[in-house]
Amino acid sequence: MGSGAGLFCSISLNTILNEEQRARYQDSALIRKLLGEAKTIAIYGLSSDRQRASYFVASYLKDEGYTIIPVNPKGGEILGEKVYPDLQSIPGQVDIVDIFRPSHEVPAIVDQAIAKGVSVVWTQLRIIDLDAAAKAEAAGIRVVMDKCIKMEHGRYFGTLHWGGMNTEIISARKAKCRGA
């Protein structure tokens with residue numbers, strides 16, 4: 001049960017994580033807390049292609065008031081933001097690194113997150129590396145794995161239920177906009 005903000009529970013969708021791993025890396029209360037506290041999200045693997053999931057997610061997060069930082073070795077500009085080649089190149093604090101890269105690239109990204117002092121490493125749907133997750137945790141980094149950050153934000157802070165989605169949240173409270 002949540003802290004007065006309504007009931008919520010885990011939606012396991014189609015994850016291949018077992019029950020213990022879901023409890024560790026997909027904890028609903030932790031996800032809600034992390035999204036509520038974060039201000040800056042680096043999108044690792046953000047594409048400039050508007051049809052790609054990473055672009056759609058970054059656009060949504062930016063519209064919801066987060067500062068998004070594109071990370072892609074191609075450089076340039078995406079969504080009006082300078083693209084950085086890696087986490088170390090980003091000036092300032094990063095709260096969450098949202099990873100849109102294949103699982104075999106996650107260990108190197110976790111190494112960058114540790115060096116940068118990032119608070120949270122988040123891997124998108126079907127991106128799983130348990131060893132990298134354990135390494136991040138050992139360095140004091142929170143890990144969310146095999147979850148879509150946009151879907152989770154919409155579930156807890158947005159209007160996902162308005163579209164007929166079952167968010168599995170019971171609350172009489174109206175969702176507040178982050179920008180308000």
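Only the coordinates and a few stated rules stand behind these numbers; no lab work does. These figures come from a predicted structure and were not determined experimentally. Note that each Cβ is placed from the backbone with ideal geometry, even for glycine, and that neighbours are counted across all protein chains shown.
What list of whole percents do you get for P(r) of segment 9-75, with Cα-Cα distances grouped in 5 Å bins up to the one holding the largest distance?
So the P(r) values, bin by bin, are 3, 15, 19, 17, 20, 18, 7, 1.
Please report the antiparallel percentage of DSSP beta bridges with both residues in segment 8-159, rounded to the nearest 5.
10 percent
Which FRET efficiency value, to the nearest 0.05, do you get for residue 53 and residue 131 by plugging their Cβ-Cβ distance into 1/(1 + (r/R0)^6) with R0 = 22 Å?
Efficiency computed from Cβ-Cβ geometry: 0.35.
Sketch the reach of a paramagnetic label on residue 16 as a point 7 Å from Cα along Cα-to-Cβ, and name the residues of segment 105-140 whose backbone nitrogen lies under 12 Å away.
Only 126-130 fall inside the zone, counting backbone N under 12 Å.
Once you list every other residue whose beta carbon is under 9 Å from the beta carbon of residue 107, what net charge do they have if Lys and Arg are +1 and Asp and Glu are -1?
-3
Could you work out the equivalent-ellipsoid semi-axes for segment 19-162, taking the square root of 5 times each eigenvalue of the Cα gyration tensor, largest first, in whole Å?
In descending order, the three semi-axes are 21, 19, 14 Å.
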